[in-house]
Structure formats: C-alpha cells, structure tokens
Amino acid sequence: DTAVSQTPKYLVTQMGNDKSIKCEQNLGHDTMYWYKQDSKKFLKIMFSYNNKELIINETVPNRFSPKSPDKAHLNLHINSLELGDSAVYFCASSQLPTGSGNTIYFGEGSWLTVV
Amino acid sequence: DQQVKQNSPSLSVQEGRISILNCDYTNSMFDYFLWYKKYPAEGPTFLISISSIKDKNEDGRFTVFLNKSAKHLSLHIVPSQPGDSAVYFCAASAINSGYALNFGKGTSLLVTP
C-alpha cells in the first residue's frame, strides 16, 4: 500500500479553471505538507498542517487553498489557474511538525500543466 | 533566496567506485540535514539524515558527513551501483521554520557499468 498517495498524477487544464489535487496518508502521521517543484527544479514548501491546523503558509497566492478534513487528508485547491502554476506538486507527511529527526515522506507527485 | 545549494547538477561515476555528492547551506540555524533520492516520475524518498550534533552518520553503503564550520555536507556512496542512478536532493531544516525542509536543486547521479 502506498503510504502517501495523491491524485491525479497528471492533470492538463486550461487557464482560468479551478482544480483540486487530493492527498491521503496511511502512516498515522500528524503533519502533512504540500511542496511545489517548479520548472527550475526547486522543491519548495507551500503549506504545512498539523492535526488539521495550518502551521506553515509560505508566500503562496491566495488562489491556492489547502483543506484538511482530517489529519490523514490534505487537499489542494487552486482557483483561476495561471500558466505559471504549471509544476509538480508533492504531498508529504511526517510524524511531528517540530523537533530534530523529522523525516518527511513524499507522495509520487502530481504533474499539473496549465495551457 | 536559495539557502541550500548543490552546485553540481550532474555526476557520472563508474560502478564500484565512490560517489561523492556535495551540498552547501547558508542558514546557520539549520540543525537537521537529510538526503533524498528521486527516480523519474516518483516522489523523493528518504535516504539518510544527520543531526547537527554529529559530524558523520553511516547506513550501509551511504555515509553523510557534516562540516558545520564550513556549512557543508556530503553524501558518500561506496561502492556505487547502477541502481543508485537517480537525482539526489540535499535538504535542511531548522526549528524556527517549523522544520519545513529546504531543498537544494538536486544532483543527477549516473552510475555506469
């Protein structure tokens, strides 16, 4: 069984559309994250949730809205998609949000292409 | 502002030899460092980590060295195997950033038979 699973894996959509990427982890972790890997291959944190509460919110346009219905799920909704949103989005989870020794486990990624 | 840097985008090593991947960081608050391995079309997978209280951590063929004064860490793979061919990401975290991982751009390692 996949520990961190995200859907869809590939998504091609037009500018202006609204889309969601879903993520689920079966590791029993308390903390979940969304990372973005852009065209320059930089992998950057977007959001972090601990027990359904937002704890990290980097400088991300408010068109991006994470939703955590429970601690095993963290979905990413994107409104009014722009060409620059094209990237690979990785969901991840870890046991704790703080403390040394925090290993983060990643999903396989969702390839978003905005045309 | 890129706080974790991997200045070598690619590295080619012959099977059986040592692979050395380097990473530099600028934030002196980083106290936990990790290496992730990534195959195409897959997410990064955790490989090995080191706390700032140590200068070396070993796990099988993989050893990570940390030089805090130089703000430098390296990953050694001995002996290198063709299955090690992947992109390796260095990552660092600090308590004042909620332990979110800051990644380097990655080094693509190719191990040739």
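Does any residue of region B:40-50 turn out to be more than 21 Å from A:Leu43 (Cα to Cα), of a type in the set (Phe, Trp, Tyr), free of Cβ contacts under 8 Å to residues at least 60 places away in the same chain and out of contact with any helix residue (DSSP H, G or I) (no Cβ under 7 Å at 6 or more places or on another chain)? Spell out how you get there, then give the answer.
From region B:40-50, those more than 21 Å from A:Leu43 (Cα to Cα) are none; that's our starting set.
No; the residues of region B:40-50 include none that is more than 21 Å from A:Leu43 (Cα to Cα), of a type in the set (Phe, Trp, Tyr), free of Cβ contacts under 8 Å to residues at least 60 places away in the same chain and out of contact with any helix residue (DSSP H, G or I) (no Cβ under 7 Å at 6 or more places or on another chain).
Look at region A:37-65: where a residue is at the interface with chain B (Cβ under 7 Å from one of its Cβ atoms) and closer than 15 Å to A:Asn75 by Cβ and a partner is part of a loop (DSSP other than H, G, I, E, B) and not acidic (Asp, Glu), sitting 6+ places away or on another chain with Cβ atoms under 8 Å, you get A:Ser48/A:Pro97; A:Ser48/B:Gly98; A:Ser48/B:Ala100.
Condition check ((1) over 14 Å from the mean Cα position of the chain (by Cα); (2) crowded, with 17+ Cβ neighbours inside 10 Å) across all residues:
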| position | (1), (2) |
| --- | --- |
| B:Gly43 | yes, yes |
| B:Ile48 | no, yes |
| B:Ile53 | yes, no |
| B:Val64 | no, yes |
| B:Leu73 | no, yes |
| B:Ser80 | yes, yes |
| B:Phe89 | no, yes |
| B:Ser93 | no, yes |
| B:Leu110 | yes, no |
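The one condition from (1) of a type in the set (Gly, Ala, Ser); (2) more than 11 Å from every other protein chain (Cβ to nearest Cβ); (3) in contact with a Phe, Trp or Tyr (Cβ under 9 Å, 6 or more places away or on another chain) that A:Gly28 does not meet is (3). Among the candidates A:Lys36, A:Lys67, A:Lys44, the residue that is modelled with pLDDT under 95, part of a strand (DSSP E or B) and farther than 28 Å from B:Ser108 by Cα is uniquely A:Lys67.
Of all the criteria given as (1) free of Cβ contacts under 8 Å to residues at least 40 places away in the same chain; (2) buried (at least 18 other Cβ atoms within 10 Å of the Cβ); (3) in a strand (DSSP E or B), the one not satisfied by B:Leu34 is (1).
The values are calculated or read from the model by the stated rules, or taken from the named source; none is laboratory data. Note that this is a predicted model, so its numbers are computed, not measured. Because the Cβ atoms are built from the backbone with ideal geometry, glycine has one as well, and the counts that use them run over all protein chains shown.
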